[in-house]
Amino acid sequence: MIRIGLTGGLGSGKSTVAAMLRALGAEVVEADELGRELMEPGQSVFAEIVRVFGPEVVHPKGRLNRVRLAEMAFQGMRLKELNAIVHPAVIAAEQTWTEQVFRRNPAAVAVIESALIFEVERDARARGEQESVLADWRRRMDRVIVVTAPDELKIARYAARVCPTGEGRAIAEAQARLRLAHQIPDAVKAARADYVLDNAGDQAALRAQVEALWPRLQAESNKSPAEESLE
């Protein structure tokens, strides 16, 4: 068994890498998807967000108004407040998922795709936390893969994804720059990663890197849990 943290900045291509790893046989879970589920009405995360940010973040239909919440988090400089609510619940859900995977397949390569593995740790330590699950989250992964790309390419990819027709692209690019400003630079992440995938080229080049890495991950997953686990 092996737990892989797959991370990279906005627009880096980590979701593409996750899909490639899944096609090769990895078990994959997306932190963003878990977060979306936990932010649905009836969940404790939803209730806490409404308590902290106020009823204005609730859409008339009862769900969170994600556009308004994002404005308050990023433009209102309250991202750390939002993350402090969402991240502990997401990490707990990820832990539950990995336990289920390994019960089903003890030799699994379990991949957790998350943009903010290093940022979660940074922010927790900035709040003075030293031993919490957030401050220690990087060490709870057996290996970490970082997907890198030049920032301008990340911004262009993000804008093309959210504005495929080109309309509103300038706004999307500004949003991407704002979000990247809250993320740790690739060079810093790469220095702490076990594996780095360079996504400055095309998908064929990225796929070749992933396919070369896959046998190594499989081999590591077959080692003794006592040797490889960082829990």
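Within the accessible surface of the range 57-187, defined with a 1.4 Å probe on protein heavy atoms only, the carbon and sulfur portion equals 55 percent. Each residue of the range 211-218 is assigned a 3J(HN,Hα), and the resulting list reads 5, 6, 7, 3, x, 5, 5, 4 Hz, derived from the Karplus form 6.51 cos²θ - 1.76 cosθ + 1.60 (θ = phi - 60°), x at Gly and Pro.
The relative contact order of the range 1-143 comes to 42 percent, based on Cα pairs under 8 Å that sit 6 or more residues apart.
When the charge dipole of the chain is built from unit charges on Cβ atoms (+1 for Lys and Arg, -1 for Asp and Glu) and taken about the Cα centre, the candidate among Q100, V17, I4 whose Cα reaches farthest toward its positive end is V17. Backbone amide hydrogens, once placed in the peptide plane, bring V111 within less than 5 Å of I4, E27, V28, V29, excluding anything fewer than 5 places away on its chain.
Placing pseudo-labels 7 Å out from each Cα toward the beta carbon at E33 and V50 gives an inter-label distance of 2.7 nm. Here the 3J(HN,Hα) profile of the range 87-102, calculated from phi with Karplus coefficients 6.51, -1.76 and 1.60 at θ = phi - 60°, is 4, x, 5, 5, 5, 4, 5, 5, 5, 4, 4, 5, 4, 5, 4, 6 Hz, Gly and Pro shown as x. Potential lengthening of the chain between D198 and R139 amounts to 18.9 nm, from the contour at 0.36 nm per residue minus the alpha-carbon distance.
Phi-derived couplings, Karplus 6.51 cos²θ - 1.76 cosθ + 1.60 at θ = phi - 60°, listed residue by residue for the range 55-62: x, 5, 8, 9, 6, x, 7, x Hz, with x used for Gly and Pro.
Charges were assigned to the Cβ only: +1 to each Lys and Arg, -1 to each Asp and Glu. The resulting dipole of the chain about its Cα centre is roughly 340 debye.
Rolling a 1.4 Å probe over the protein heavy atoms gives the range 47-149 an accessible area of 48 Å² per residue.
Each residue, Q218 and E129, gets one label point 7 Å from its Cα in the Cβ direction; the gap between the two is 3.7 nm.
The values are calculated or read from the model by the stated rules, or taken from the named source; none is laboratory data. All of these numbers come straight from a predicted model, not from anything done at the bench. Positions of Cβ are generated from backbone atoms using ideal geometry, with glycine treated the same way; all protein chains shown enter the neighbour counts. The accessibility values were calculated without ligands, DNA or RNA, using every heavy atom of the protein model including side chains. Shrake-Rupley method; radii C 1.70, N 1.55, O 1.52, S 1.80 Å.
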